[in-house]
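Peer 1: Encoded as structure tokens, here's the structure I'll be asking about.
Each reported figure results from applying straightforward, stated rules to the coordinates on display, with no laboratory input. Computed from a prediction, not measured in an experiment: that's the story for all the values here. Note that we place each Cβ from the backbone using ideal geometry, even for glycine, and neighbour counts take in every protein chain shown.
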Amino acid sequence: MSKGISDLQEEILVSCLENGFLSTQDILRRVWAWEPQEWGSRKATIGESEYNAAHASLSRSLTRLWLRGLIEYWKNLTLYRTGITLTPAGETLARAILAEGQKK
């Protein structure tokens, strides 16, 4: 864990650094390995409790990153879509996380 952020938050920052922009669907695909064809009926395919837990965890993580000034939200891009980009502080931290990971 780097600078008091969770593993999920680290993964979000690094993924955003690598891609420049992430939608919430991109994050769900990367972290929880949810395939796009499951998205229409995720609760039925994945299970309601896992679906709800993943969305709650993602929401908390993004809110905490935003409150720390590490990400910017891009809301209402399309129906039910939200995306994020890194702020300069977020980019700096993501690069530090990558550098730390390379030392291990």
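Peer 1: Note down the nm distance, to one decimal, between modelled labels 7 Å out along Cα→Cβ at PHE21 and at ASP7.
Peer 2: That separation, rounded to one decimal, is 3.1 nm.
Peer 1: Which order do peptides 46-57, 13-24 fall in by mean Cβ count within 10 Å, highest first?
Peer 2: Order by mean packing, descending: 13-24, 46-57.
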